[in-house]
Amino acid sequence: MQIVKTIDEVKKTVKAWEKEGLTVGLVPTMGYLHEGHKSLIERAAKENDRVVVSDFVNPTQFGPNEDFESYPRDINADAKLCESAGASIIFNPEADEMYDNALTFVDMNKITKVLCGKTRPIHFSGVCTVVSKLFNIVQPDRAYFGQKDAQQLCVIKKMVKDLNFDIEIVGCPIIRENDGLAKSSRNTYLNADERKAALCLSRSLEIGKKMIADGETDVKTIISAIKAEIEKEPLAKIDYVEMVDFNQLETLEKVQKPLLCAMAVYIGKTRLIDNFIME
């Protein structure tokens, strides 16, 4: 496995694979990889002949007061994880390699303006732009995204359809710690008390799932119960808790599938997301 820094190197490598008739999987990441990322890479390696992992903290998806500068980075640890999971190359460019005086960006209406998009207005433009660039650079047969970023998964699927990318988008299940916390690179920001407090996210989602399983269909009732559980935790501050149609991200009044119950919650200064999907 090798670490590649330039777009030209990636294109040259992938073209050689294609000449051999090999299939290519892409796993886009921002690095500081954990078992959640590893599960994506392992699935990509199982379903494709070669796997490209992009390891790039994308500046265009961070707002002015967000954590771009402090976002954790460790390319050496990432390389070990990627190699053990079956990656072929890591694409680890600098920002000026990806954005050379760029004036073109990819934006999307409607489904990027809800949930995380309400409080992170430029986020999904940055996501769509960098993922489009990665799709054009690598031209994979399949691309793999985690369901923890469920809105991102929905947005990418819609973008691929709208822009006619000939790429299969594969959504992969959330990987959790033993105590239920969804694995995230941002979990490293949490101190011991915050780490314990963060369990209110997964705990509250379990309450919502049980209510649906027991026959509750009123979305407001379910959301109220989820919020009440989070609000028991003094270190937690809710950004949003919503239940939406998983295809269009439109707010639901009654439980109907496919649905996404998604949340963003600040634990101290750290913003965490979690969700469940019913299809």
> Given labels modelled 7 Å from the Cα in the Cβ direction, how far is it in nm from Thr217 to Glu83?
Replying inline: 5.6
> Hey, if you drop one equal point scatterer on each alpha-carbon of the stretch 40-194 and run the Debye formula without solvent, what base-10 log of I(q)/I(0) do you get at q = 0.14, 0.19 Å⁻¹?
Replying inline: -0.80, -1.59
> Label point 7 Å out from Lys210 along Cα-to-Cβ: which residues of the stretch 240-254 have amide N under 13 Å?
Replying inline: none
> Using the alpha-carbon atoms, what tilt in degrees (0 to 90, nearest 10) does helix 219-231 show relative to the longest principal axis of the chain?
Replying inline: 90
> How far is the Cα center of the stretch 123-150 from the Cα center of the stretch 184-248, in Å?
Replying inline: 27
> Could you state the principal axis extents of the C-alpha atoms in the stretch 185-274, from the largest down, to the nearest angstrom?
Replying inline: 38, 25, 16
> Any idea how far apart Glu18 and Asp239 come out in nm if each label point goes 7 Å out from Cα toward Cβ?
Replying inline: 3.6
> Which whole-number percentage describes the relative contact order of the stretch 185-274, with Cα contacts under 8 Å and a sequence gap of 6 or more?
Replying inline: 30
> Given a Förster radius of 35 Å and the C-beta distance between Asn164 and Glu35 as r, what FRET efficiency does 1/(1 + (r/R0)^6) yield to the nearest 0.05?
Replying inline: 0.55
>> Expected output is a single nm value to one decimal: the length gained when fully extending between Glu94 and Gln248, i.e. 0.36 nm times separation in residues minus the C-alpha distance. What is it?
In response: 52.0 nm
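Where a number appears in this text, it was derived from the coordinates with a stated rule and is not lab data. If you're wondering where the values come from, they're calculated on a predicted model, not measured in any experiment. FYI the Cβ positions are ideal-geometry reconstructions off the backbone, even for glycines, and counts take in every protein chain you see.
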